[in-house]
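J.: For reference, the structure I am asking about is given below.
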Amino acid sequence: MDFKLNNIFFAILILCISFLFPVDCAASPILSPSLEVKKIRYWPAPDHIRIVLDMSGESVYRVRELTNPYRIVIDIPGGKFSAGLKGTEIDDRTIDRIRVNRLRSGAQVVFDLPRKTLFDHFALKPFKNHPHRIVFDLIKSFSPEEITKKKKKANRIATSGDKIVIVDPGHGGSDPGACSMSGIKEKDVVLEISRMLAESINETKGFKAILTREGDYNVDLGKRIEIARSHGGDCFVSIHLNAFHHNRARGSEIYFLSIDGATDKNAQRVAEKENFFLELGSRYNTLEDDVQLILLDLTKSDVMNRSSFLAEFVAERMNRLNSISFRGVKQANFVVLRSIAMPSILVEAGFLSNSRDVRLLRKKNILKEIASSIAGGVISFLESNSFAKVNNGKTGYIEHVVTKGETLWGIARKYGLPVNNLRSLNNMDKDLSIYPGQKLRIRSKE
Ligand SMILES: [Zn+2]
């Protein structure tokens, strides 16, 4: 198993590294006289710095590396800078400053770097209120001593005997997630809830929380998985906020992974939104299909079953909240959950499209309440020994008649069986819905 996991890790690593080497982009220029660099923004992260050029249109650009001193030069033929746009000094070990040169041939952006640096660049099309963008990720280099120190620290935590909870604040950096009408960003609120959640967990003896993101920066999927794995996570909790095109929907929801499909249309929509956001920010954050398949093989039934327990423990606490109403536990195919080999849930803590939820989410005490509820549920889950035991003994079958309000995962939990097992036994294919009076075949020990 370990050998297999190592192989997967290296496959992911090689996949990521293969995208880190710079490729010059020398597309044939279709010059647009109005092409303008409107803004230059940047977000330093522990392992990279992301620089985004907001453009007025489809971007044709050329990238060159120059030495003595080391520079990355971006030429935008025929382009210009918006009035007043200036370069900036940056207090980061990877880059000293960004310069803007207004040339007769077009716009030129120069990154002055203290040393040769691996980097990646790509263009993004407009999305919601984001314009065309050119994105640069400059990768920070670490000395062998720094790498060893980091590994040792993670290993110390993994082997400490504490229960490790990986807290994953969604989005970050150039990816704000959902936004309210008043401009509140999902990435900021979920970071605040996640910090409170981590604090709550760390206050409990025998438990330790690790955040996948500690500030406002991008973290790609591979990195989120690596943090979870290297610290020996016992469970993974991803924190998000919802948004919908109408403003009536409100309340929190908890999701765990479904490989084949979502429990309903809304669950499907939420998964598509979160998957899209996660895949939006970078081109090397999506794992190659066969790597994912191996991960799925290792994880699916047992981890999915345990994830449903985790979801129910947290749901029980969230249901008690008087502030944010609770909409229930659902299943959908989230890329962040399907890649993690540990019990994992995704909490959508409220709707940024609903003014009542937004009013609540502005209040620190409400965020603290949400965080404490999640912490309470996670700790109860890890303290309980009710992890599903998959029945591998001799089997027979009994019949279960579905009553009103029962869910498939609730029934699965009652009998200690994976949801998938129930589905396949009852020929339920991809349709997860059950109805009162329905007779389900249940496998049990003879
Ligand atoms: Zn989100």
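J.: So residue 123 clears everything in (1) assigned to a strand (DSSP E or B); (2) under 30 Å from residue 201 (Cα atoms) except one condition, right? Which one?
T.: (2)
J.: What's the total number of residues in segment 175-190 that are crowded, with 20+ Cβ neighbours inside 10 Å and within 12 Å of the ligand (Cβ to nearest atom)?
T.: The total comes to 7.
J.: For the structure I just gave you, tell me whether residue 278 is modelled with pLDDT under 90, under 27 Å from residue 140 (Cα atoms) and not in a loop (DSSP other than H, G, I, E, B).
T.: Numbers: modelled with pLDDT under 90: yes; under 27 Å from residue 140 (Cα atoms): yes; not in a loop (DSSP other than H, G, I, E, B): yes.
Yes; evaluated as a whole, the condition is true for this residue.
J.: Check segment 331-347 and report whether any residue there is open to solvent by 50 Å² or more (accessible area, probe 1.4 Å) and either within 16 Å of the ligand (Cβ to nearest atom) or modelled with pLDDT of 95 or more (or both).
T.: no
J.: Going through 232, 172 one at a time, which residue ends up being within 16 Å of the ligand (Cβ to nearest atom), at positive phi and touching a residue at least 12 places away in the same chain (Cβ under 8 Å)?
T.: Residue meeting the stated conditions: 172.
J.: Also, I was wondering about something else. Please verify whether segment 380-396 includes one or more residues that are at pLDDT 80 or above, within 22 Å of residue 264 (Cα to Cα) and touching a Leu at 6+ places or on another chain (Cβ under 9 Å).
T.: No, that holds for no residue.
J.: Right, another one. Which of the residues spanning segment 235-253 are assigned to a strand (DSSP E or B), within 16 Å of the ligand (Cβ to nearest atom) and either at pLDDT below 90 or out of contact with any Lys or Arg (no Cβ under 7 Å at 6 or more places or on another chain) (or both)?
T.: Quick first cut of segment 235-253, residues assigned to a strand (DSSP E or B) only: 235-242, 252-253.
Within this subset, residues satisfying the condition of being within 16 Å of the ligand (Cβ to nearest atom) are 236-242, 252-253.
Within segment 235-253, 236, 237, 238, 239, 240, 241, 242 qualify.
J.: Report yes if some residue within segment 111-131 is of a type in the set (Asp, Glu), outside the structural domain of residue 174 (by TED's automatic domain parsing) and more than 30 Å from the chain's Cα centre (by Cα); otherwise report no.
T.: yes
J.: For a quick check of your reading of the model, give me the residue pairs whose first member lies in segment 175-188 and is over 23 Å from residue 135 (Cα atoms) and at pLDDT below 95, whose second is within 13 Å of the ligand (Cβ to nearest atom) and not hydrophobic (A, V, I, L, M, F, W, C), with beta-carbon atoms closer than 9 Å and at least 6 apart or on different chains.
T.: Within 9 Å, the pairs are 180/186; 180/353; 181/353.
J.: Have a look at 166, 134 and point out the one that is in contact with a strand residue (DSSP E or B) (Cβ under 6 Å, 6 or more places away or on another chain), open to solvent by less than 30 Å² (accessible area, probe 1.4 Å), closer than 21 Å to residue 231 by Cα and among the hydrophobic types (A, V, I, L, M, F, W, C).
T.: One residue alone meets the criteria, 166.
J.: Name the residues in segment 40-78 that are open to solvent by 10 Å² or more (accessible area, probe 1.4 Å), among the hydrophobic types (A, V, I, L, M, F, W, C) and touching a Cys at 6+ places or on another chain (Cβ under 7 Å), would you?
T.: Matches in segment 40-78: none.
J.: Quick one: which of 363, 368, 300 is at pLDDT below 90 and open to solvent by 10 Å² or more (accessible area, probe 1.4 Å)?
T.: 300
J.: Oh, and also: Within segment 82-120, work out how many residues are open to solvent by less than 80 Å² (accessible area, probe 1.4 Å), of a type outside the set (Gly, Ala, Ser) and assigned to a strand (DSSP E or B). I'd like the intermediate steps shown before the answer.
T.: Narrowing segment 82-120 to residues open to solvent by less than 80 Å² (accessible area, probe 1.4 Å): 82, 84-85, 87-88, 90, 92, 94-96, 98, 100-101, 103, 106-114, 117-120.
Filter once more, keeping what is of a type outside the set (Gly, Ala, Ser): 85, 88, 90, 92, 94-96, 98, 100-101, 103, 108-114, 117-120.
From what's left, assigned to a strand (DSSP E or B): 88, 90, 92, 95-96, 98, 100-101, 103, 108-112, 119-120.
Adding up the residues that qualify gives 16.
J.: Do you know which residues across segment 192-237 are under 15 Å from the mean Cα position of the chain (by Cα), of a type in the set (Phe, Trp, Tyr) and surrounded by fewer than 23 Cβ atoms within 10 Å (Cβ to Cβ)?
T.: Passing the criteria: only 217.
The values are calculated or read from the model by the stated rules, or taken from the named source; none is laboratory data. The shown structure was predicted, so the numbers you read here are calculated from the model rather than taken from an experiment. Heads up, the Cβs are rebuilt from the backbone with ideal geometry, glycines too, and the neighbour counts pull from every protein chain shown. Please note that ligands, DNA and RNA were not included when accessible areas were found on the heavy atoms of the full protein model with its side chains. Shrake-Rupley method; radii C 1.70, N 1.55, O 1.52, S 1.80 Å.
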